[in-house]
Amino acid sequence: MQARRTGPAAGGGGNIGILALQGDFGLHRQALSRLGIASRDVRRPEDLDGLGGVILPGGESSTMLRLMDGTPMEEAMAAFHERGGALFGTCAGLILLAAAVTAPAQRSLALLDVDVQRNGYGRQIDSFETDLAWPGEEAPLRGVFIRAPRITRVGPNVAVLIERGGEPQLVRAGRVLAATFHPEATEDPRVHRYFVERVMETHGEAVGVE
């Protein structure tokens, strides 16, 4: 992937934002920085202006929802996607994007046609790491599963990019990408590079370089 430098005249449509209400948003910033990609923290609806893609990080999905409660952020995220923005959710970010959430049930943005079970592998003590097969490459991707959700249903228009034990772990539907694991917790750039490339495809312009 080659990212070209953009100036103010480009409108910033290729720039990447990171939802920074709670969670490991700083690790995503570092992951993008290793690719030479500039990013912006998103805390208010106006922070979405000019962005081409937004990452929804791992953390506590219920806390993120509570912080959005009473603000226009949920509606702003849906509107951002509706007008062509790309979204990438990891762990709690996947839960926020899912169509339905169980264990326990909670509301969501419902922008990705999958159902998820929170803490699908157990408590914090049951967190683990394992190798995952990256499509078309011999080198495995290290998957870090921390209180990870499980995808229990995949809609007909959702593509499964990575699976483990027959269960989806990285999925994509159009401009929405989501992972049950934490690619930001390793130095492997492939998942973030894949998302940045999708943003570039969608907007037909460069992503901002640091």
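Laboratory data are not the source of any read-out in this text; all were calculated from the coordinates shown. On a predicted model such as this, the values are computed, not experimentally measured, just so you know. A quick note on method: Cβ atoms are made from the backbone with ideal geometry, for glycine too, and the neighbour counts reach across all protein chains shown.
Close contacts from region 139-150, counting a first residue that is under 7 Å from T180 (Cα atoms) and a second that is part of a loop (DSSP other than H, G, I, E, B) and basic (K, R), with Cβ to Cβ under 6 Å and a gap of 6+ residues or different chains, come to P149/R118.
Checking R118, R193, R164, R107 one by one, the residue that is within 24 Å of L51 (Cα to Cα) and not β-branched (V, I, T) is R193 and no other.
Of all residues in region 152-180, those that are assigned to a strand (DSSP E or B), under 17 Å from L141 (Cβ atoms) and without any contact (Cβ under 8 Å) to a residue 60 or more places away in the chain total 12. Filtered by the rule that a residue be over 20 Å from L177 (Cβ atoms), in a helix (DSSP H, G or I) and among the hydroxyl-bearing types (S, T, Y), region 59-105 gives S62, T63. The numbered conditions (1) surrounded by 21 or more Cβ atoms within 10 Å (Cβ to Cβ); (2) within 17 Å of P183 (Cα to Cα); (3) among the hydrophobic types (A, V, I, L, M, F, W, C) are all true for L112 except (2).
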